[in-house]
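See structure below.
The values are calculated or read from the model by the stated rules, or taken from the named source; none is laboratory data. Here the structure is a predicted model, which is why all the values come from computation and not from measurement. Backbone-built Cβ (ideal geometry, glycine too); neighbour counts: all protein chains shown. Ligands, DNA and RNA are stripped out before the accessible areas are found, and what is left, the full protein with its side chains, is counted by its heavy atoms. Shrake-Rupley method; radii C 1.70, N 1.55, O 1.52, S 1.80 Å.
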Amino acid sequence: MKLPKELYNGIIIFIGIGLYFMLMEILGLADLYYLRLFNVLFVFYGTNRTLKMNYREGKTIFVSNAVSALLTSLTGVFLSIVGLIAYSYIKGGDAYLQSLSKTFLFGGTPSIMTYSISLLFEGIVSAVIVSFMLMLYWDTRYVSDKHEVK
């Protein structure tokens, strides 16, 4: 059974983000909130990979590619949030969460679920933005723009 490319590339996003955060933790950089912003690069990579695969397969309808891009990026985001929740509980629950940067989203002491829901909303917004940005980039390759001017 072959996985749909959206799920496959969403898993690639999840693995990339997971490895990136593990590396940051190993290097002692997990508390630097600005380094967390680079996870969007993995979302760009996986989503762009889906659009490239669609284009190679001859799928050039703008709307279906936009849906495919959004599904890919949202899959990566949802899997990453689930992974964060599991990892946080494995590392000690709310006590582990308090070891993360206090300047990232919260000033108090959020629970794992509060923290994860906030990151989920942030991830959904970034998934939508990444998908739209890549659709603007790929827009010139789709059928709706291949008109000949006479």
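Mind ordering 119-129, 67-77 by average Cβ neighbours within 10 Å, highest first?
Ranking the peptides 119-129, 67-77 by packing returns 67-77, 119-129.
Counting only protein heavy atoms and using a 1.4 Å probe, what share of the accessible area of the chain belongs to carbon plus sulfur, as a whole percent?
72
Projecting each Cα onto the charge dipole of the chain (Lys/Arg +1, Asp/Glu -1 at the beta carbon, about the Cα centre), which of S131, Y87, Y33 comes out farthest on the positive side?
Result: S131.
Does region 1-123 classify as rounded, prolate or oblate by the C-alpha gyration tensor (a ≥ b ≥ c root eigenvalues; a/c under 1.5 gives rounded; else a/b over b/c gives prolate, otherwise oblate)?
prolate
Within the chain, how many lysine pairs that are 8 or more places apart, or on different chains, have C-alpha atoms less than 20 Å apart?
7
If each residue of separation counts as 0.36 nm, what is the full-extension length gain between I117 and I15 once their alpha-carbon separation is subtracted?
34.7 nm
What percent do you get for the relative contact order of the chain when only Cα pairs under 8 Å and 6+ apart count?
Relative contact order here is 32 percent.
Could you work out how far apart the two model spin labels at L32 and V128 are, taking each label as a point 7 Å from the Cα in the direction of the beta carbon, and quote it in nm?
Placing both labels 7 Å beyond Cα along the Cβ direction yields 3.1 nm.
Among M24, T109, Y45, whose Cα sits farthest toward the positive end of the charge dipole of region 10-118 (+1 at Cβ of Lys/Arg, -1 at Cβ of Asp/Glu, about the Cα centre)?
So the residue furthest toward the plus end is Y45.
With a point put 7 Å past each Cα toward its Cβ, work out how far R49 is from Y89 in nm, to one decimal.
Taking the simple label geometry, R49 and Y89 are separated by 2.8 nm.
For region 32-131, give the magnitude of the charge dipole about the Cα centre (Cβ charges: +1 Lys/Arg, -1 Asp/Glu; no others), in debye to the nearest 20.
260
Determine, at each q value in 0.19, 0.23, 0.26, 0.27 (inverse angstroms), the log₁₀ of I(q)/I(0) that the Debye formula gives when each Cα of region 52-91 is one equal point scatterer.
Taken in order of the listed q values, log10 I(q)/I(0) reads -0.61, -0.72, -0.81, -0.84.
Over region 5-54, with the other protein chains present, what is the accessible area per residue in square angstrom, probe 1.4 angstrom?
Accessible surface, normalised per residue, equals 54 Å².
Probe 1.4 Å, all protein chains in place: accessible area of F14 in Å², nearest 10?
70
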